[in-house]
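A.B. asks: Quick one: structure below, then a few questions.
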Amino acid sequence: MMQNEKMSILFVCLGNICRSPLAEGVFRDIVTANGAQDRFHIDSAGTGNWHRGNPPDRRSVEVAGRYGIDLSGLRARQVTRGDFDRFDLLLGMDGDNVAALAELAPPGRQDRIAQFHEFSTGVPRDVPDPYYGGEDGFETVYRLIRAAAGSLFEKLAAETRGVSG
Ligand code: 4NP
């Protein structure tokens, strides 16, 4: 990434209706709270296409809403090979997501893929799929994402600040 350019980040899960929309919304909230919205382009996508065009899962919308984040305008889409050109970083929520990204990536683009929690905090850990669980799974996932997204912002903010600060 060039200095003073926007850093672009794609959060990736399986369906793009539970975890990655939460990560997108939470990270955007942190970026905005820090006045850094001009320095990041943020999006999310799924490795699968079952939910294409759908809004996030009601339980993700609800948990985010409790923390003042509105996910209702987001719509699911599937990751494409072109995303590996458009995004500096593609962050998979779990090991399966990372493996699917690695399969899809064009030659020379593997280095843009990382596991979200490990890249953000240094601690390798899956963000577990909450889809088939209860409401409390979404609260757990929210907290895990919130903590890691804070670390991610700290890590990337220095890189995107550029020479003039
Ligand atoms: P997500 O959760 O990957 O966090 O969006 C899922 C959503 C839907 C399905 C699986 C996981 N599904 O199998 O339909």
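Rule-based calculations on the coordinates, nothing more; no lab input. Values in this document were obtained by computation on a predicted structure and should not be read as measured data. Counting neighbours? That spans all protein chains shown, and the Cβs are built from the backbone with ideal geometry, glycine included.
A.B. asks: Please express the shape of the chain as an equivalent ellipsoid: the semi-axes are the square roots of 5 times the eigenvalues of the C-alpha gyration tensor, given largest first in whole angstrom.
C.D. replies: Working through the eigenvalues yields semi-axes of 23, 19, 14 Å.
A.B. asks: Please list, ordered by chain and number, the residues whose modelled amide H lies under 5 Å from the amide H of Ile113; skip anything fewer than 5 residues away on the same chain.
C.D. replies: Answer set, sorted by chain and number: Leu90.
A.B. asks: Assuming R0 = 35 Å, what is the FRET efficiency of Asp96 and Lys6, from their Cβ-Cβ distance, to the nearest 0.05?
C.D. replies: The value I calculate is 0.75.
A.B. asks: Would you calculate the separation in nanometres between label points at Ala158 and Tyr67, each defined as 7 Å from the Cα along the Cα-to-beta-carbon direction?
C.D. replies: Calculated label separation equals 2.4 nm.
A.B. asks: In nm, to one decimal, how far is the modelled label at Trp50 from the one at Arg143, with both set 7 Å along Cα→Cβ?
C.D. replies: Label at Trp50, label at Arg143, 2.8 nm between them.
A.B. asks: Loop only by DSSP, 15 or fewer other Cβ within 10 Å of the Cβ. Give me the trypsin sites (Lys or Arg not before Pro) in segment 24-109 that pass, ordered by residue number.
C.D. replies: On the way: sites: Arg28, Arg39, Arg52, Arg58, Arg59, Arg66, Arg75, Arg77, Arg81, Arg86, Arg109; in loops: Arg52, Arg75, Arg77, Arg81, Arg109.
Qualifying residues, ordered by number: Arg52, Arg75, Arg81.
A.B. asks: Taking the Cα centroid of segment 114-159 and of segment 31-50, what is the distance between the two, rounded to the nearest whole Å?
C.D. replies: 14
A.B. asks: Name the residues whose placed amide hydrogens come within less than 5 Å of the amide hydrogen of Gln78, ignoring near sequence neighbours (fewer than 5 apart) on the same chain.
C.D. replies: Correct list: Gly46.
A.B. asks: Right, another one. What are the ³J(HN,Hα) couplings of segment 119-135, residue after residue, when phi is run through the Karplus curve with 6.51, -1.76, 1.60 and θ = phi - 60°? Round to Hz, x for glycine and proline.
C.D. replies: Running phi through 6.51 cos²θ - 1.76 cosθ + 1.60 with θ = phi - 60° gives 4, 6, 10, x, 9, x, 7, 6, 8, x, 5, x, 4, 9, x, x, 4 Hz.
A.B. asks: While we're on this one: Given the rule -39500 (n - 2.57) for each run of at least 4 DSSP H residues, summed and divided by the residues of the chain, what is its mean residue ellipticity at 222 nm, to the nearest 500 deg cm²/dmol?
C.D. replies: Calculated mean residue ellipticity at 222 nm is -13000 deg cm²/dmol.
A.B. asks: Taking neighbour counts of Cβ atoms within 10 Å as a proxy for exposure, in what order, fewest first, do His117, His41, His51 appear?
C.D. replies: His41, His51, His117
A.B. asks: Something else now. If contacts are Cα pairs under 8 angstrom and at least 6 residues apart, what is the relative contact order of segment 1-140 in percent?
C.D. replies: 27
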